[in-house]
Amino acid sequence: MDLNSPAVVALVAAAVSVIGTLLTVRATVRTNHNAAVQTQFQEVIKRRIECYPKLWKIHIRYETNWTLAGQPKTREWAEQYAQELNDFNLEGGVFFSQPVYAKFYELRSHLYQAMDATQPGAEVSQDLTFKIRQSVYGGPGYGPGMSTHIKDDLGSYQSASLARAGKK
């Protein structure tokens, strides 16, 4: 078989052309897929930017401001807090990242424990109010709370992370 024959040269050229076309198609599909994912992610971020401040407002009302005002954290407080979280979850929960959802679930679980363990009008135990606060804000030995994950999702800590990464 003569490797310089026009038939062999044509077959090699055809094979190279087919392989090149397949690689081009694969690269185009991957690029289009990545573009679609980025577009979808941008929409999710836009929705998080709309809904996370509403979630933040609930925490400020029932955790931060309640504590600063010295109001007692009663069973009714836990019921109201859980109800507002449940109402918010109907529309905003679908946009939670997994870390935010995990803390959201934990927080609601602690609130339901508080409702189950506390008589009407009575104050929730300090142990449970501490766990509720940690679910929201985290703490030493506990790790990040929901507030940290929300800020991460919105990019609040991104510049600090980039600065740290640049110092390595």
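The values are calculated or read from the model by the stated rules, or taken from the named source; none is laboratory data. Predicted model only: the values in this text are computed from it and were never measured. Neighbour counts run over all protein chains shown; Cβ positions are idealised from the backbone, glycine included. Side chains included, ligands, DNA and RNA excluded: accessible areas come from the protein's heavy atoms. Shrake-Rupley method; radii C 1.70, N 1.55, O 1.52, S 1.80 Å.
At-a-glance table
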{"read-out": "Local electrostatic count at LEU85 - Lys and Arg +1, Asp and Glu -1, tallied over other residues with Cβ under 13 Å", "value": "-1"}
{"read-out": "In sequence order, calculated HN-Hα J values of segment 42-59 (Karplus, 6.51, -1.76, 1.60; Hz; x Gly/Pro)", "value": "4, 5, 5, 4, 4, 5, 5, 4, 6, 9, 4, x, 5, 5, 4, 4, 5, 5"}
{"read-out": "Portion, in percent, of the accessible area of the chain that falls on carbon or sulfur, probe 1.4 Å", "value": "59 percent"}
{"read-out": "Amide hydrogen neighbours beyond the local backbone of THR74, cut-off 5 Å, H modeled", "value": "VAL124"}
{"read-out": "Value of relative contact order over the chain, rounded to a whole percent, pairs C-alpha under 8 Å and six or more apart", "value": "20 percent"}
{"read-out": "Placed amide H near GLY139: partners under 5 Å, 5+ positions off or other chain", "value": "GLY145"}
{"read-out": "Among LEU128, LEU90, LEU107: highest mean-square fluctuation, GNM of the chain, C-alpha pairs under 10 Å", "value": "LEU90"}
{"read-out": "Extension gain from ALA69 to THR28, taking 0.36 nm per residue of separation minus the Cα-Cα distance", "value": "8.9 nm"}
{"read-out": "Extension reserve of the ALA13-GLU76 stretch, reckoned as 0.36 nm per residue once the Cα distance is removed", "value": "14.8 nm"}
{"read-out": "LYS151-ALA117 FRET efficiency (beta carbon distance; Förster radius 25 Å; 0.05 resolution)", "value": "0.20"}
{"read-out": "Mean accessible surface per residue for the chain, computed with a 1.4 Å probe while every protein chain stays in place, in Å²", "value": "65 Å²"}
{"read-out": "Spherically averaged projected area in nm², based on the convex hull that wraps the Cα atoms of the chain", "value": "17.4 nm²"}
{"read-out": "Using a Förster distance of 22 Å, the FRET efficiency for VAL94-PHE130 (Cβ separation, nearest 0.05)", "value": "0.15"}
{"read-out": "Candidate residues ASP152, ASP116: accessible-area rank, largest first, probe 1.4 Å", "value": "ASP116, ASP152"}
{"read-out": "For segment 41-90, convex hull of alpha carbons as volume per residue, Å³", "value": "61 Å³"}
{"read-out": "Dimensionless Rg/Rh of segment 17-111 - Kirkwood Rh, Rg from C-alpha atoms", "value": "1.31"}
